[in-house]
Amino acid sequence: MKKPDQSQRYLFENHPIRGQHVSLDESWQTISQQAGLEGRGLTLLGEALAAVVLLVDTLKIDGSVTLQVRGSGPLGLLVVEANSDQKVRGIARQQDKIEEGMDLQQIFGSDYLVITIKTEGAEPHQGIAPLQGENLAEALEHYFSTSEQLPTRFWLTCDEENVSGMLIQKLPGQSTDDDAWDRVSLLAATVTDEELQQIALENLLHRLFHQETVLLFDPHLVEFFCSCSRERTGGMLLTLGKAEVIDIIEQEGEVAVTCEFCNAQYSFDRIDIEQVFLAGETAPASATAH
Ligand SMILES: [Zn+2]
């Protein structure tokens with residue numbers, strides 16, 4: 001039976017601890033086919049995707065969470081994004097073989113990943129997370145334990161068919177049970193990749209925390225969606241400047257832009273470009289700033 005792509009919250013009734021679970025099949029397969037990766041590169045893309053879906057739902061923001069790494073390593077680019085409408089997209093570019101035993105810093109050729117949180121009507125918030133630990137989950141846990149964020153544990157897993165993940169987060173507030181966070185963390189850490197991917201969340205929570213009362217909320221359906229458009233692509237051309245764009249037209253006959261996230265192609269000829277710049281020059285700045 002086909003599983004829905006979904007993200008679901010849960011809450012420990014007697015402790016200030018919340019959790020989140022995600023499982024993606026169809027949206028992940030769309031993104032992974034687009035990326036054309038395999039092995040460790042594919043795994044990192046999938047784990048990062050699961051992580052942003054967990055984060056956007058946990059933060060309860062009206063906006064988006066983007067996680068990105070750019071570096072000089074074999075996997076030189078990874079960008080994943082999830083928004084509060086449960087739309088996801090992601091890309092990764094691999095230019096070299098990832099050798100056995102490489103750590104995250106060597107794979108990406110970078111020391112850190114950037115987490116950008118955009119909330120409706122506010123300046124974007126950027127966090128820098130050092131690429132420390134064995135895997136992305138550990139790097140994210142390190143970030144949450146050293147920044148001013150709430151202590152958070154992540155479990156992320158991925159294969160060609162599915163990505164799944166789970167987090168638990170300690171909320172501010174007094175607990176009558178000082179050991180609750182440690183106990184729940186230990187129990188959660190017994191989860192296996194197979195359980196994360198294959199067991200219905202209700203059963204998984206019972207298996208992990210059967211002595212606790214856990215409230216399970218309704219799931220949110222998640223889907224692949226790319227927010228690119230002809231208008232936004234035109235806006236990007238505006239930032240290049242007219243001289244540069246005309247230069248491309250003279251050499252190539254047109255400006256062709258392919259969206260890296262979804263492969264949509266946007267092409268602009270000389271007349272289109274005149275219109276883009278005419279509209280850009282007369283429109284208020286806010287209409288073109290994306
Ligand atoms: Zn696109």
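Inspect the range 215-230 for any residue being of a type in the set (Gly, Ala, Ser), more than 30 Å from PHE277 (Cβ to Cβ), surrounded by fewer than 18 Cβ atoms within 10 Å (Cβ to Cβ) and at pLDDT below 95 and give the result as yes or no. Checked against the condition, which is being of a type in the set (Gly, Ala, Ser), more than 30 Å from PHE277 (Cβ to Cβ), surrounded by fewer than 18 Cβ atoms within 10 Å (Cβ to Cβ) and at pLDDT below 95, the range 215-230 yields no hits at all. Of the residues making up the range 133-168, those that are assigned to a loop (DSSP other than H, G, I, E, B) and in contact with a strand residue (DSSP E or B) (Cβ under 9 Å, 6 or more places away or on another chain) number 6.
In this entry, ARG93 is excluded by the filter for residues that are over 9 Å from the mean Cα position of the chain (by Cα) and part of a helix (DSSP H, G or I).
Consider the range 85-105 and keep the residues that are within 16 Å of the ligand (Cβ to nearest atom) and closer than 12 Å to LEU45 by Cβ. The one that is surrounded by the most Cβ atoms within 10 Å (Cβ to Cβ) is VAL88.
Looking only at the range 6-27, decide whether some residue is in a helix (DSSP H, G or I) and closer than 16 Å to TRP155 by Cα.
No, because not a single residue in the range 6-27 is in a helix (DSSP H, G or I) and closer than 16 Å to TRP155 by Cα.
Applying the set (1) touching a His at 6+ places or on another chain (Cβ under 8 Å); (2) buried (at least 16 other Cβ atoms within 10 Å of the Cβ); (3) on the phi < 0 side of the Ramachandran plot to THR119 leaves exactly one unmet item: (2).
Among the numbered conditions (1) of a type in the set (Gly, Ala, Ser); (2) surrounded by fewer than 18 Cβ atoms within 10 Å (Cβ to Cβ); (3) under 30 Å from GLY19 (Cα atoms); (4) more than 16 Å from the ligand (Cβ to nearest atom), the only one that ALA188 does not meet is (2). Within the range 274-288, the set of residues being at pLDDT 90 or above and either of a type in the set (D, E, K, R) or within 16 Å of the ligand (Cβ to nearest atom) (or both) comprises just one member, GLU274.
Regarding VAL52, is this residue crowded, with 20+ Cβ neighbours inside 10 Å and closer than 17 Å to ALA137 by Cα? So VAL52 fits the description; yes. Screening the candidates ILE31, ILE61, ILE17 for the property of being farther than 21 Å from ILE115 by Cβ and assigned by TED's automatic domain parsing to the domain that holds HIS125 yields one hit, ILE17. Just one of (1) under 29 Å from VAL79 (Cα atoms); (2) β-branched (Val, Ile, Thr); (3) surrounded by 13 or more Cβ atoms within 10 Å (Cβ to Cβ) fails for THR239. It is (3).
Scanning the range 189-200 for residues that are free of Cβ contacts under 8 Å to residues at least 40 places away in the same chain and part of a helix (DSSP H, G or I) returns ASP193, GLU194, GLU195, GLN198. Filter the range 228-273 down to residues that are under 23 Å from ILE31 (Cα atoms) and of a type in the set (Lys, Arg) and give me whichever is nearest to the ligand (Cβ to nearest atom). Out of the qualifying residues, it is ARG232.
The values are calculated or read from the model by the stated rules, or taken from the named source; none is laboratory data. Please read all numbers here as calculations on a predicted model, not as lab measurements. Cβ sites come from the backbone with ideal geometry, for glycine too, and all protein chains shown count toward neighbours.
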